[in-house]
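Below is one structure; the comments refer to it alone.
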Amino acid sequence: MPAEYVPILILFGLAAVITAVMVGGSWLLGPRRPTPAKTAPYECGITPVGSARERFPVHFYLTAMLFIIFDVEIAFLYPFFVMVRDLPTEARGFVIGVATAFATLLIITFLYELKKGALEWEDPVEHRRLKAELKNQ
Amino acid sequence: MEALNIPQVEWSALLPVLTVVGAALLVLILELFLPRGQHTPLMLVGLLGLGLAGYFQLALWGASLVTWAETALSDNIAVLLNLAILVSSGLVLLFADDYLRARNMRYGEFYPLLLFATAGAMLMISSTNLMVVFLGLEVLSLSLYVLTGLARAEVRSEEAALKYFLLGAFASAFFLYGIALLYGAQGSVDMRVISASWVASMPGKMTNALLVASLALMLVGLGFKAALAPFHMWTPDVYQGAPTVATAYMAAVSKVAAFGVLLRLLSAAMPMLDLWSPIMWAIALLSMLVGNLVALIQRDAKRMLAYSSVGHAGYLAVGLVSMNMTSLTGVLFYLVAYALMTVGAFGVLSLMARAGDATTVDALRGLARRQPFAAFAMAILMLSLAGIPPTAGFWGKWYLFLGALEGGQTLLAIVLALTSVVGAAYYLRLTFSLYADALEAPAARWSVPAPMVVCLLICLIGLIGLGIAPRPLAESSRQAVERMANGEWQVVSGE
């Protein structure tokens, strides 16, 4: 039935409108002071031209990995809780219990990485080295 | 919308695994709040968790439960093998701290990783649902990759970790592809369905071909984890490069877990015996020959034990090919004995490595003068690995040998006996060198720490006890196999 797909069409429309407002708004209202660095294509913070085989902070990998864990968590939890409303009451307890067990495991890992300093961007050793370099210039 | 069936859950079947996971999480959090390098509480909590899990596991003896929507089970095989895994983990946990401290590897992560790996290995054995088995396999493997690379400053450890990770991921992919094809063939990932769908399938039809391909792929994946011969290439490098405590753990636990799954899978695929039996036959023969012959020329004791573990995997494979009550009893018996022997042997080597001595066979010369107890323990462990009575290793080989004869695998039985003699050559050479005079001035004396004494005593008492009175364990193993063969399951799942 095509009528069932109308919500998806509305979703597409909403996405287009919101994107247009955000991008257009910043284009209209934002100050424009271009520098070579700003106009360069965005490449996750890396200089987009040159050899691909250079060293860059290992933090990128760690952060990306941690991001994926929580990204996947959210991807699981959304359908979970959309489903719960339609369930019979006696099943709800079980489903919420399963979701809670899943979330608890992730919260423990989150506490772990927080306390281990995995989310602190500045590596103390690297930080000191950069500071010394700036002083010498 | 379709009504959702909430599975009726029998908690006790998964309680041992859950206890270990709980202990692992507790240790993980505890480590954050302890001062750096303070690892005794972690060890104690870990041991407590393992002990509790062992208690819950023992309470399940005699039950044949299938629960959690048929994704978890508990039978006597699971109880026996899980107890072997728990004991090996407990022993490694006991003596690891000293080694890690001496080698300047004070990473608290060792403890949660070890416990997670244990939970994974137990999960592998506690299910016939292959997706759950795969989940357990990955939890075990991923923890082991990290444990292998724990010596971050040593290139060899890093190399071993990378090698193990790449090859292991490859083997896991094989296993997973096998599961996928199995689902394609029968619409279920439960191995208990294989036999029925094989009987129902027509030769030359799609289902038939898919079942054959899936079994072959799963054999490759599990053969890698069990270090069976054409898939054993990683074993010596990884065993040698990994920190010795991690080697002790992985040698014992991953072998028990992989053979547990192989045992279940192959007996589930009993009607396909004609197909897999020649393959396993060749694998068993190759493993016994390659493992034992190459171990003969190894200089490093860790490498020697690694190759000999390939040989031991070959002996166990003989038990699987023969596929009768005696041989399967032998497999279970051998796995329990093997876990004790390996943990003990690598434990003594970790003492050597800890003191900065090399782990070459030459460096072990004259150990008896310096360290009478460690040398004595090593000698008994070597005798047991060689299969000399009155040790548990002898009875394990005996049952496998008898089983092979009973199953009509005379050639395999002969090769088993002959390669055991080859094995005895290098084990005894090591034992003699322990009691020979040292080649050069002996290195500094070192004391055997108390936890290691306890651990070695447990190994020795276990091995000699089982050697003198093998009957209780043999009987329990036999019961476990018989119950599995009868296939009486109490299915707990609400509809």
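So for segment B:30-53 (the condition being more than 13 Å from every other protein chain (Cβ to nearest Cβ), in contact with a Pro (Cβ under 6 Å, 6 or more places away or on another chain) and surrounded by 21 or more Cβ atoms within 10 Å (Cβ to Cβ)), does at least one residue qualify? Yes, segment B:30-53 has at least one match. State whether the residues of segment B:165-173 include one that is hydroxyl-bearing (S, T, Y) and surrounded by 21 or more Cβ atoms within 10 Å (Cβ to Cβ). No: zero hits. Can we say B:P451 is assigned to a loop (DSSP other than H, G, I, E, B) and in contact with a helix residue (DSSP H, G or I) (Cβ under 8 Å, 6 or more places away or on another chain)? So B:P451 fails the test.
Does A:Y112 meet the test of being away from chain B (no Cβ under 14 Å), assigned to a helix (DSSP H, G or I) and of a type in the set (F, W, Y)? Taking the combined requirement at face value, the residue does not satisfy it.
In segment B:466-486, the residue that is farthest from B:R192 (Cα to Cα) out of those that are in contact (Cβ under 8 Å) with a residue 40 or more places away in the chain and of a type outside the set (A, V, I, L, M, F, W, C) is B:G467.
For segment B:55-72, the condition of being in contact with an Asp or Glu (Cβ under 9 Å, 6 or more places away or on another chain), surrounded by fewer than 21 Cβ atoms within 10 Å (Cβ to Cβ), outside any loop (DSSP other than H, G, I, E, B) and not aromatic (F, W, Y) holds for at least one residue. The residues listed here are B:L80, B:L86; of these, the one that is crowded, with 22+ Cβ neighbours inside 10 Å and touching a Gly at 6+ places or on another chain (Cβ under 8 Å) is B:L86. Just one residue in the set A:F80, A:F94 is out of contact with any helix residue (DSSP H, G or I) (no Cβ under 9 Å at 6 or more places or on another chain), within 14 Å of another protein chain (Cβ to nearest Cβ) and modelled with pLDDT under 85; that residue is A:F94.
Of all the criteria given as (1) among the small types (G, A, S); (2) over 25 Å from the mean Cα position of the chain (by Cα); (3) within 14 Å of chain B (Cβ to nearest Cβ), the one not satisfied by A:A99 is (2).
Of the residues examined, B:E138 is not one that is surrounded by fewer than 20 Cβ atoms within 10 Å (Cβ to Cβ) and within 19 Å of B:T235 (Cβ to Cβ).
The values are calculated or read from the model by the stated rules, or taken from the named source; none is laboratory data. These numbers come from a predicted model, not from an experiment. Neighbour counts run over all protein chains shown; Cβ positions are idealised from the backbone, glycine included.
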